[in-house]
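The values are calculated or read from the model by the stated rules, or taken from the named source; none is laboratory data. Since this is a predicted model, take the numbers as computed values, not measurements. Ideal geometry is used to build each Cβ from the backbone, glycine not excepted, and the neighbour counts take in all protein chains shown.
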Amino acid sequence: MTVDAAPPSRAAQGRAPGLGPRLQGLPPVLSRRTRLLVLGSFPGVASLQAQQYYAHSRNAFWPLLGALWGIDLAALPYRERLAQVRRRGLGLWDVYASCRREGSLDQAIEAPEFNDLASLRRRAPALRLVAHNGGESARAMRHVAALGYPVLRLPSTSPANAGWTFERKLAAWRAAFDQAGLLNP
């Protein structure tokens, strides 16, 4: 099943189309050993500029992974972080391949186009679980579930998700990583 377009986010509905240039997302970080895929919505400005997943200095993604695996991932060069991710069976990608958006907030996403999620069977044959990082990504849960994958929603690691403490996020993420067998590499 290939999904070409997604409905606009709730906050973007009713806005005039054509907001800003069309932005292109990042390539997937997958391997044949990927057992858990974390799907974000679409990279923020800092990530697009750096061409790195979760590049914003206040995003909790790398510190959360570091706490789960007992490694200071945030201190490692990006290439080494990705090597750790692949080695441990984690994959990274986003729901949307492209969109229009001013700034980094998911609520500003307009005219999104889905990534080729159907290609996951070929790209990540060991995939056991897909975890959506936040609400906008979770809007695609039914599309991912239709591909035959178990799915769950995790609290967003974005600094915009200030309602969750680091410890509360860590507990939710730990449960997902345990379910996928990624806590003991």
Out of all the residues in the range 142-168, which are in contact with a Leu (Cβ under 8 Å, 6 or more places away or on another chain), free of Cβ contacts under 8 Å to residues at least 24 places away in the same chain and either at positive phi or not β-branched (Val, Ile, Thr) (or both)? Pro150
Arg101 is checked against (1) over 16 Å from the mean Cα position of the chain (by Cα); (2) closer than 21 Å to Gln179 by Cβ; (3) surrounded by 21 or more Cβ atoms within 10 Å (Cβ to Cβ) and fails just one. What number does that condition carry? (2)
Lone unmet requirement of (1) buried (at least 19 other Cβ atoms within 10 Å of the Cβ); (2) within 21 Å of Ile71 (Cα to Cα); (3) at pLDDT below 95; (4) of a type outside the set (Lys, Arg) for Trp173: (3)
If His143 passes every condition in (1) at pLDDT 95 or above; (2) more than 23 Å from Val45 (Cα to Cα) but one, which one does it miss? (1)
Condition met for Ala131 (of a type in the set (Gly, Ala, Ser) and at positive phi): no
If you go through the range 99-138, how many residues are out of contact with any helix residue (DSSP H, G or I) (no Cβ under 9 Å at 6 or more places or on another chain) and part of a helix (DSSP H, G or I)? 7
Condition first: modelled with pLDDT of 95 or more, of a type in the set (Gly, Ala, Ser) and more than 20 Å from Ala55 (Cβ to Cβ). Now tell me which residues in the range 119-137 satisfy that. Ser119, Ala124, Ala126
Just the residues that are more than 16 Å from Ser119 (Cα to Cα), under 12 Å from the mean Cα position of the chain (by Cα) and of a type outside the set (Asp, Glu), please, taken from the range 129-151. Ala131, His132, Asn133, Gly134, Gly135, Ser137, Ala138
Hey, any hits in the range 112-127 for a residue that's more than 22 Å from Pro43 (Cβ to Cβ), surrounded by 15 or more Cβ atoms within 10 Å (Cβ to Cβ) and either hydrophobic (A, V, I, L, M, F, W, C) or in contact (Cβ under 8 Å) with a residue 12 or more places away in the chain (or both)? no
Within the range 128-153, which residues are basic (Lys, Arg) and surrounded by 15 or more Cβ atoms within 10 Å (Cβ to Cβ)? Arg128, Arg139, Arg153
